[in-house]
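Worksheet: the structure to be examined is printed underneath.
The values are calculated or read from the model by the stated rules, or taken from the named source; none is laboratory data. In this text, all values refer to a predicted model and were calculated from it rather than measured experimentally. Because the Cβ atoms are built from the backbone with ideal geometry, glycine has one as well, and the counts that use them run over all protein chains shown. For the accessible areas, the whole protein counts, side chains as well, though only heavy atoms, and no ligand, DNA or RNA atoms are used. Shrake-Rupley method; radii C 1.70, N 1.55, O 1.52, S 1.80 Å.
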Amino acid sequence: MSASDEADPPGPVPRESPATIRSPGAGDGAPVSEFRRRKLEEDAQKNWDLFYKRNTTNFYKDRHWTTREFAELKACREFEAQRLVLLEAGCGVGNCIFPLLEEDLNIFVYACDFSPRAVDFVKQNPLFSTERCLAFQCDLTKDDLKASVPSETVDVVTLIFVLSAIHPDKMKQALENIYQVLKPGGVVLFRDYGLHDHAMLRFKPGNKLAENFYARQDGTRSFFFSREFLENLFRQVGYEPVVNEYVQRETVNKKEGLCVPRVFLQSKFRRPMK
Ligand SMILES: C[S@@+](CC[C@H](N)C(=O)[O-])C[C@H]1O[C@@H](n2cnc3c(N)ncnc32)[C@H](O)[C@@H]1O
C-alpha cells in the first residue's frame, strides 16, 4: 500500500466491468494457515494502531472535496441553512473531514476509528473543535454507535477505504450499526477498492485470506469489491442503492517508472424513508 493508493479522485467509468475481467489469481499459492488468519483478525485493531504509530499523520493525502461532491452534500440539505450532520466512519487521522470542515462551515462531524492513536491525531489537529466535531474510538463491527451518536440523526455517512479493512463476515454488522444512526432518507457515501485493482494484483502468493481478501505485510488487510457484492451487502441491511459504479484511473509510480491501472468502487446508498 502506498500513500497514493487511495487518495485519488475518480476517473472515467471503465468500458469493461472489472468483475468480467479474468482473475489472474492474485496472491494465490499456499493457503494462509487458520492460525494466521485468526491472529490477523484478533490483532486487527492493534495492527491499525501500529500503522498510525509508524506513519503518524504522514501516510494518506488529504482528500480534497470536489465541486461535484460539495454539490452532492448540498443536495442532502432540506433547506439551505441546515446544519448538516456527518459521520466519518473509520476516519483515520482525518484526511477526509478536515478539508471538509475548512470549506463547509455549516457542518457537524462525528468521526470514529478503530485506532485510538488515529483518534488522538484527529483531536490534536489545529482544525479540530469540539463545537464542530466529536471524535471517538469505536469498532464499527461491535461497538454500538448509538453510545456516541443519537439514533437516526445523521444526514450523511462517509465510508472511505474502511469497509475493505473489515473481515467480509463482519461487514454486515458494521453497516447495520451505521444504519441505526442514519436518518431515514440519509445516505452513505462509499469509496473503496474495486475488484482487480492494481493493489490486488500485486499481492504475492501466500497472502490470500479469503475470496478477494488479502493480508498486507504490516498485518492490515484489504478486501476488493465487485459492484454486485457491495449492492447485495447493503441491500441485506435495508439500504437502497442510488449509485454504484466502478471508476478507473491510472497512477504513476515514478520510483518504478510504471503507470498502473487503478479500479475503485464509488457508490451511494440510502436508508429508505419510513
Ligand atoms: C485505509 S484507512 C482510511 C482512513 C480514512 N477513511 C481516510 O480516508 O483517510 C482505514 C481505516 O479504517 C479503520 N478501521 C478498520 N477496521 C475498523 C473497524 N472495525 N472499526 C472502525 N474503524 C476501522 C482503520 O483504523 C483505518 O483508520
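What is the packing order of peptides 101-108, 156-163, 74-81, taking the mean over residues of other C-beta atoms within 10 Å and listing the highest first?
Numbers: 101-108: 14.5, 156-163: 22.9, 74-81: 9.8.
Averaged packing, sorted descending, gives the order 156-163, 101-108, 74-81.
Residue 77 to residue 143: extension gain in nm, 0.36 nm per residue of separation minus the Cα-Cα distance?
20.9 nm
Solvent-accessible area of residue 273, all protein chains in place: 140 Å² (probe radius 1.4 Å, heavy atoms, ligands and nucleic acids excluded).
Pairs 53/146; 142/274; 170/268: which are spaced more than 22 Å apart, C-alpha to C-alpha? Please report the intermediate quantities before stating the final value.
Values: 53/146 28 Å; 142/274 26 Å; 170/268 20 Å.
Beyond 22 Å between Cα atoms: 53/146; 142/274.
If you roll a 1.4 angstrom probe over the protein chains with everything in place, what fraction of the accessible area of the stretch 42-270 belongs to carbon and sulfur, to the nearest %? Working shown, then result.
Values: 5020 of 10250 Å².
Whole-percent figure for carbon plus sulfur exposure: 49.
Checking every one of the GluC sites (Glu not before Pro) in the stretch 175-246 against DSSP loop status and a limit of 13 other Cβ atoms within 10 Å picks out 211.
Rounded, prolate or oblate, given the Cα gyration tensor of the stretch 42-270, with a/c below 1.5 counting as rounded? Please report the intermediate quantities before stating the final value.
On the way: a/c = 1.41, a/b = 1.32, b/c = 1.07.
The shape class here is rounded.
Seen through its C-alpha gyration tensor, with square-root eigenvalues sorted a ≥ b ≥ c, the stretch 199-270 comes out oblate because a/c lies at 1.5 or above while a/b is not bigger than b/c. Per-residue surface analysis assigns residue 270 an accessible area of about 80 Å², computed on protein heavy atoms at 1.4 Å probe radius. Residue 91 contributes an accessible area of around 10 Å² to the protein surface, as traced by a 1.4 Å probe with all chains present. Accessible surface ranking for 179, 246, 1.4 angstrom probe, highest first: 179, 246.
Helix content alone sets the calculated 222 nm mean residue ellipticity of the chain: runs of n ≥ 4 DSSP H residues at -39500 (n - 2.57) each, divided across all residues, give -7500 deg cm²/dmol.
Close amide-amide hydrogen proximity is noted between residue 244 and 268, each under 5 Å apart and 5 or more residues distant or on a separate chain (H modeled in the peptide plane; Pro and chain starts excluded). Counting only protein heavy atoms and a 1.4 Å probe, the chain has 48 square angstrom of accessible area per residue.
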